[in-house]
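Read through the structure below, which is laid out as structure tokens, and then see the notes.
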Amino acid sequence: MLSKVQFSLLILLFSLITTLSFGQKATLSGYIKDKNSGETLIGATAYVKEVGSGANSNEYGFYSITLDPGTYTFEFSYLGYNTETITFDLQQNTTKDIELPEATEELIEVVVTAEAEDQNVKSSEMSVNKMNMKTIQKMPALLGEVDLVRSLQLLPGVTTVGEGATGFNVRGGSIDQNLVLLDEAPVYNSSHLFGFFSVFNPDAVKDVKLYKGGIPARYGGRLSSILDVRMKEGNNKKFEVAGGIGLIFSRLAVEGPILKDKASFIVAARRSYIDILAKPFLPDDLSDSKLNFYDLTLKTNYSVNEKNRIFLSAYLGRDNFAFGAGVGFNWGNATTTLRWNHLFNDKLFSNFTVYYSNYDYELHFGEETDNQFDWNANIINYSLKTDFTYFLNPQNRLTFGGQAIIYEFQPGNAVGVSEGESRDFGLANKYALEAGLFVENEQDITSKIALNYGVRFSHFNYMGEGKAYEYRDTELGERKELVSTSTFDQWESIQTYSNIEPRASIKYQIDPSTSIKASYNRTAQYLHLISNTTASTPLDVWTPSSNNIKPQTANQVGLGLFKNFKDNTYKTSAEIYYKTYKNLVDYIDGADLFLNEFIEADLISGKGRAYGLELQLEKKKGQFTGWISYTLARTERQIDGINNNEWFAARFDQTHNLSTTLFYDLNKRWDFSLNFVLNSGTPATFPTSRLEQQGYVIPYIASGERNNVRIPVYHRLDLSATWKNKEKPDKRWKGEWVFAIYNVYNRRNPFTIFFRQNTIRPTVGTPIQTEAVRLSVVGNFIPSVAYNFKF
């Protein structure tokens with residue numbers, strides 16, 4: 001490890017070398033902010049007219065442009081804000097913060113994303129979607145609650161297996177292959193109420209970015225996507241209160257300055273109250289029932305001086321389900337992030353992050369203390385991360401750094417009590433260390449060619465204290481045989497893995513409104529979610545790579561054409577991708593996945609592939625805006641011992657996926673929106689034969705196939721209308737009524753199909769009657785009304 005002095009000398013030497021290499025230069029740097037709130041703006045553009053290029057602000061709103069000494073015209077812009085133009089005689093390094101005022105109401109109405117209008121064509125990024133909270137808040141919402149994750153499912157390449165399923169799937173990846181970050185801390189379950197709502201409070205979210213491909217080297221740990229959610233920092237100029245009141249839950253957010261222009265805070269809370277409303281109608285034996293979720297989000301920041309700024313953010317959320325006093329379960333996330341921004345000089349920006357993340361769930365059965373069962377499990381993370389951004393010149397931005405994560409897995413603390421006698425069914429904790437180093441560069445080679453290239457080195461160490469088991473391979477598809485057991489001390493290495501993960505993307509500018517892009521990324525994942533249910537549940541098991549489970553790896557290539565029309569009013573994109581997987585974890589038929597000390601004996605691994613075409617047409621300006629997206633895709637697996645060793649469709653494979661999102665601003669007080677989705681049915685495994693034994697039917701798959709049929713097609717229409725209170729210049733209060741209908745035409749979309757036999761015992765010689773039952777989580781249209789306010 002480098003000492004502080006050695007590290008400072010290294011930075012000084014690096015700065016000296018680059019200064020000598022490029023001769024006498026001058027740098028203009030600072031932060032780009034919202035003039036009304038003081039919030040920094042992510043991805044704002046600082047453009048130099050005389051040079052024909054510029055720079056974008058980073059995740060903390062910092063920009064830096066290095067030029068030859070001279071007089072230049074700088075344009076600072078951000079969609080939804082007025083452009084600020086200044087002429088400046090740049091003779092020496094200068095710090096200048098820029099505050100942009102929001103655009104007029106007429107311009108705000110046409111905002112769909114918060115980037116430069118032609119960012120989709122000019123940037124080297126591809127397979128990336130950035131969602132503006134103003135857009136998300138205008139979409140039709142279930143029960144009136146704006147939902148970030150469900151909004152992402154309307155984008156090309158993003159799917160879900162159905163209503164009531166937690167998480168989301170991206171380009172053929174399972175839900176555990178998405179890294180969901182909230183202010184850089186991982187969130188292991190991004191859903192409330194089994195996927196109907198996300199854990200992100202819309203009043204506290206500042207920026208949302210989803211990487212589906214071309215993933216930068218600074219991100220690691222997952223195969224398929226990165227969802228990077230950044231929280232608001234809090235208004236540092238004045239106090240504001242925002243919230244909403246709905247039919248089953250409400251929310252409230254308060255933000256304001258602690259020290260004006262120096263320190264601010266935001267606190268946002270939500271709680272549902274279905275159980276409170278239902279309590280008067282419940283029988284006495286269910287009077288103690290619970291059916292609610294809540295979350296609390298808070299953040300504060302302090303600008304120590306021009307070179308140092310500190311952020312502290314936290315999240316706490318939980319879902320509670322209890323049916324009387326005898327049965328209940330709950331789950332939740334807790335995160336804390338501490339960050340320090342430091343400017344070594346006008347060109348070198350750094351961020352140091354420490355975070356804590358804890359996902360846990362609890363399960364309880366039994367009303368009596370002498371007869372009950374309790375089970376809880378956790379996955380806990382502690383991490384230290386460093387990021388450096390060196391603004392070399394307008395054509396190069398170098399980013400490098402590293403991260404270390406300590407994992408503590410508590411797969412099951414379970415105790416059963418029968419007639420007063422207690423028995424411990426718990427499993428031993430597991431420990432691991434994951435570390436990574438990365439470097440990447442954003443470079444404009446010419447006015448037409450731009451690159452983003454880098455590499456990440458990742459290392460994983462599965463450690464004691466604990467036991468490690470060695471198994472002997474048996475017949476394919478059968479449980480492995482235990483050979484030996486070894487015991488390891490605390491922090492003693494059991495198994496290590498390392499991976500080199502190159503990343504690259506390139507853009508060629510055909511003309512000012514057209515570009516073609518290509519990307520490649522290799523990713524490695526050392527954590528595995530073990531589940532054999534139709535959709536993931538909050539009670540699924542996380543386990544690390546070990547001496548028996550290899551890390552998953554994926555390679556993805558992509559090619560895209562991007563074209564804008566009519567002064568960026570219309571945007572189109574067409575992308576194709578091909579992705580291969582190795583060491584995907586699956587399970588043998590009849591696997592025992594819960595509270596199983598020898599779970600690794602029931603796991604097998606294989607390979608996968610996913611490929612597809614994604615099309616999108618967006619209209620960005622005018623009273624009528626929105627987008628239409630279509631995805632044609634396949635997601636397949638091949639695992640020896642399953643499906644006769646042949647390729648088979650993954651559980652979340654959807655061949656066709658069509659979604660439409662439309663907005664219509666009638667006038668300053670009324671606006672309307674529409675969502676329509678049409679998806680192919682997902683695969684399912686149906687029996688092909690049956691056995692009859694003593695009046696009971698035993699389903700049987702004679703062919704040994706997995707996912708041999710598809711459930712019927714899914715489609716749904718949602719509508720929403722928003723009526724805004726008339727604004728008065730002398731009043732700060734802003735209010736709006738939101739009326740929505742989810743599943744307008746009452747479609748009973750199948751979540752799954754299962755089989756059952758007639759409960760009436762047949763007479764001798766009479767065939768046993770069976771039937772297929774289609775389960776729909778949402779079987780009716782759901783109207784809602786909500787009132788949102790801000791002052």
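The values are calculated or read from the model by the stated rules, or taken from the named source; none is laboratory data. Quick caveat, the model's predicted, so the values are computed rather than measured. Quick reminder, even Gly has a Cβ in these numbers, built from the backbone with ideal geometry, and neighbours come from all protein chains shown. SASA here: full protein model, heavy atoms, side chains in, ligands and nucleic acids out. Shrake-Rupley method; radii C 1.70, N 1.55, O 1.52, S 1.80 Å.
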So for R0 = 30 Å, FRET eff. of SER447-TYR630 from the Cβ-Cβ r, to 0.05, ends up at 0.35
The chain, accessible surface, carbon-and-sulfur percent (1.4 angstrom probe): 57
Quick one: how many Å² of HIS364 are accessible to a 1.4 Å probe, rounded to 10? 50
Step through the table entries LYS385/LYS550; LYS206/LYS507; LYS620/LYS668; LYS237/LYS668, compare each Cα-Cα distance with 22 Å, and write down the pairs that go over it. LYS385/LYS550; LYS206/LYS507; LYS237/LYS668
Would you indicate which of (i) 122, 71, 55; (ii) 94, 74, 55; (iii) 98, 63, 53 is the value of Cα extents along the principal axes in Å derived from the coordinates of this structure? (iii)
In deg cm²/dmol, rounded to the nearest 500, the helical mean residue ellipticity at 222 nm of the chain, built from -39500 (n - 2.57) for every DSSP H run of length 4 or more, is -1500 deg cm²/dmol
The extension gain from VAL415 to ILE500, computed as 0.36 nm times the residue separation minus the Cα-Cα distance, is 26.3 nm
Compute the angle between helix 4-22 and the longest alpha-carbon principal axis of the chain, please, reported from 0 to 90 degrees and rounded to the nearest 10. 50
Among 216-229, 563-576, 289-302, 378-391, the order from most to least packed when residues are scored by Cβ within 10 Å on average: 216-229, 289-302, 378-391, 563-576
Describe numerically, in nm with one decimal, the distance between label points set 7 Å from Cα along Cα→Cβ at ARG479 and at GLU705. 2.9
Using a/c under 1.5 as the rounded threshold, could you call region 163-209 rounded, prolate or oblate? The axes a ≥ b ≥ c are square roots of the C-alpha gyration tensor eigenvalues, and prolate needs a/b larger than b/c, oblate otherwise. oblate
Counting alpha carbon pairs within less than 8 Å and at least 6 residues apart, what relative contact order, in whole percent, applies to the chain? 10
3J(HN,Hα) from dihedral phi, region 497-502, Karplus parametrisation 6.51/-1.76/1.60, rounded to Hz, x for glycine, proline: 9, 9, 9, 9, 10, x
Simple spin-label estimate for GLU771 and LEU615 in nanometres, 7 Å along Cα-Cβ: 4.2
Computed for the chain: size of charge dipole around the Cα centre, +1 on C-beta of each Lys and Arg, -1 on C-beta of each Asp and Glu, debye to nearest 20, value 2400
Over the chain, with neighbouring protein chains present, the accessible area per residue in Å² at probe 1.4 Å is 43
Sorted by chain and then number, the residues having a modelled amide H within less than 5 Å of the amide H of MET463, at least 5 places away or on another chain, are TYR431, ALA432, LEU433, ILE494
Hey, what did region 131-256 get for relative contact order, percent, Cα under 8 Å, at least 6 apart? 24
Lys/Arg +1, Asp/Glu -1 at C-beta; the chain dipole; positive extreme among ASN82, SER29, SER383: ASN82
Label-point gap, in nm, between ILE310 and VAL455 - each point 7 angstrom along Cα→Cβ: 3.8
Expected output is a single nm value to one decimal: the length gained when fully extending between LEU259 and SER605, i.e. 0.36 nm times separation in residues minus the C-alpha distance. What is it? 119.0 nm
